[in-house]
Each structure stands twice: as structure tokens, then as C-alpha cells.
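Right, one structure below, let's go through it.
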Amino acid sequence: MNSKSISNGILRAISILLGVSLLLLFLWKIQSVIIYIIIAGVISLIARPLIIFLKRKLRFPNILAVIVTMLLFILLISGLIRMFIPLIAQQGKNLSLLNMNELMVNTESVMNEVNEYFLTKNINIFEQLKSLDILSNFKEIPTFLNSIIGTVGTLSIGLFSVLFISFFLMKDSKILHKGLLVLVPDNSESRFQKSFNTIKDLLSRYFIGLVVQILILFILYAIVLGTFGVDNAIVIAFLCALLNLIPYVGPLIGGILMLVLTMTSNIGEDFQTIILPTTIYVMIGYVIAQLIDNFFSQPIIFSKSVKSHPLEIFLIIIIGGLLFGVIGMVVAVPSYTALKVILKEFLSENKIVKSLTKDL
């Protein structure tokens, strides 16, 4: 090997590293666009069965079926936004700078009632809570709210972008398919096409299953909160149900949120006779709903949609969380499902692959 070939090899390696670095930098700069495309892809997968139903059963033209589906999504989003307005307005009023003193007085009132209850049990927690200086932390809330308001414009652009991309992914369902085929060698196109169709079917059923799971939890939470007269029960129920999209961590956050909002909805009432019993009953209902979800809803969704064992799903979600945090936990199941389909198509004779994909 002469010096010329060595220098050419070094230059080629440097060029490859530079190209990969530029590509990663480019992807990092357009990460918001990539997120829009991913969200739009999920929406199109959820809408796919409805579009097929409108086209095959009701004989709608493709464009009309897509327009009807998009209108339904827009109505759903508008309804959710209108549903959240009362809760946002109420919490914004409490957390605004002008009402900060009122919020601190109400919070201290609840803390005093909690302390009085525990004093009857010979437990004094008020001094420990005061030493944490919790009330002073509320001073940061207006700044946080201002930052949220500053992102409203960005969210509006994002929502429009997602809906726009979703429309064309629904209208021309093969547009993403054709784009991916460009990256696939000619001799593997047919096998990739078969894998892609299988992935679409499995993920479509999976995301629809998640919608059903959220709907079931929403109904259970709404019944529990409505039974005990918690303010904004529908909004709180939907928000806590939506948090279940984050495996394992989401239900914990939802439980804390429901606990806090249940207690603060009864500010001014007697803690021992009203606030505490109501909160306990609501949390018992929350735990029962979670048990129903964990032992009935989730196993059915995972087994019927992605055709994976619950233990297998548990390990994949944990691994995804360890590698990529919360985002990794959310995308673990769809990514693992797609990977299984591809491995089955291209490495079907491998013993490990055959064992993992026997139900596909």
C-alpha cells in the first residue's frame, strides 16, 4: 500500500465523517419539521381505518373521505381546546401575578388544615413544610406562565403544519412509501414494500388501541371525579387519561395531578370532613381505574395490535426509557414493532428472529 492510496483513504474517511456530521447537524436544525412529520404520520395511521371505511362502505371518493376525516379531527381538536379553556382560565386567574397573594393565602389555608388534622394524630408537619419554603416557589410561576404564553404562536404554527402534512399523507397514502423506497436497493423493493404494509397495519391498530385505552380511562376518571363533585371533572379526567400515553411514568404524574386538583377544588371547606375524605375516595377510584387498565385494557391492546407478549413490551419500554428517557418510552413499542417486521422479512431464518416474530 503506497502513500497515495493511504492519503486517498484518509481523505475518503474525512469526507464521510464530514458528510455524516453535516447530515446530523441538518437533521438537528430541522428537528421540529421531523416531529411534525412523525405526528402527522401517527394521525394518518389513526385515520386510515376511517378513510378505508368511508371509501369502501360508503363509496366516498378518496378526496372526499380525506376531507371528512380532516374535518372530524379539526372538530375534535377544537372541542378539546374549548374544553380546556375553563381550567386554564381558572388556574391562570389563581396563578396570575395580580392574585399571587390570594393563591398564597389559599395554599397556606390548606396547609394549616392539613397540619391541624395531623396534630390530632400527634404529628406536627407544619414546621417541616415551612422550612422547605414552598410558598416562595410560587413566585416563579408567573415567569413560567409567561414563557408558556410566548410559545402559543409556535404551537399554532406547529398545529397548522401537522394538519397540512396529515392531509397530504391521508390523500396520497403512498407518498411516504415512495419517499422511503428511494433509499432502498432495487433488489429489495418488493420485500420492503411488504414490510411497510405490515408495519402500517400493525401500527394503525396499535394507535387506535391507544385511543380506546385513553377513552376507557377518561370515562372511568370522569365518573369518579363527577361522583364526588370535583370542579372541571371532564378536563381533569381527560388530562390524566392522556398522561397514560407515557408508560409507567404518566400514570404517576396523572395521580399526583388528580390529587392536587381534587384538594384545591375544595379550598375553604373543612379539611377533615370534606377535603380529606373526598381526596381519598377519588384516589381509590384512580387506583381501581389503573388496575383495570393494567390488567385488562393494556394486555388486550398489545396482544391484538402489535402481537407481543406483555413481558416483552415491559422490557422494551424500560430499555427505551433508559436509553432515551421519556421520549424513548413513548416510541419504544412502535419502533420495536417496525423493527420486528423488518427483521422477519429480511432475517426470517435466524433462530432469535424466528422466536420473536412467530406471532406476526
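The values are calculated or read from the model by the stated rules, or taken from the named source; none is laboratory data. All of these numbers come straight from a predicted model, not from anything done at the bench. Cβ placement follows ideal geometry from the backbone for every residue including glycine, while neighbour counts extend to all protein chains displayed. What goes into the accessible areas is simple: the full protein's heavy atoms, side chains included, and nothing from ligands, DNA or RNA. Shrake-Rupley method; radii C 1.70, N 1.55, O 1.52, S 1.80 Å.
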In the neighborhood of Val353, defined by Cβ-to-Cβ distances under 12 Å, what is the net charge if each Lys or Arg adds +1 and each Asp or Glu adds -1? +3
Based on the mean of other Cβ atoms within 10 Å per residue, sort peptides 196-209, 298-311 so the most packed one is first. 196-209, 298-311
Considering only C-alpha atoms, what is the centroid distance from the stretch 1-71 to the stretch 209-272, in Å? 36 Å
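Take the solvent-accessible surface of the protein heavy atoms, probe 1.4 Å, and return the percent of it on the stretch 205-359 that carbon and sulfur atoms account for.
Values: 6160 of 8130 Å².
Heavy-atom surface of the stretch 205-359 belonging to carbon and sulfur, 1.4 Å probe: 76 percent.
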Average accessible surface area per residue within the stretch 270-334, 1.4 Å rolling probe, Å²: 55 Å²
Please state the shape class of the stretch 205-359: rounded when a/c is under 1.5, otherwise prolate if a/b exceeds b/c and oblate if not, all from the C-alpha gyration tensor. prolate
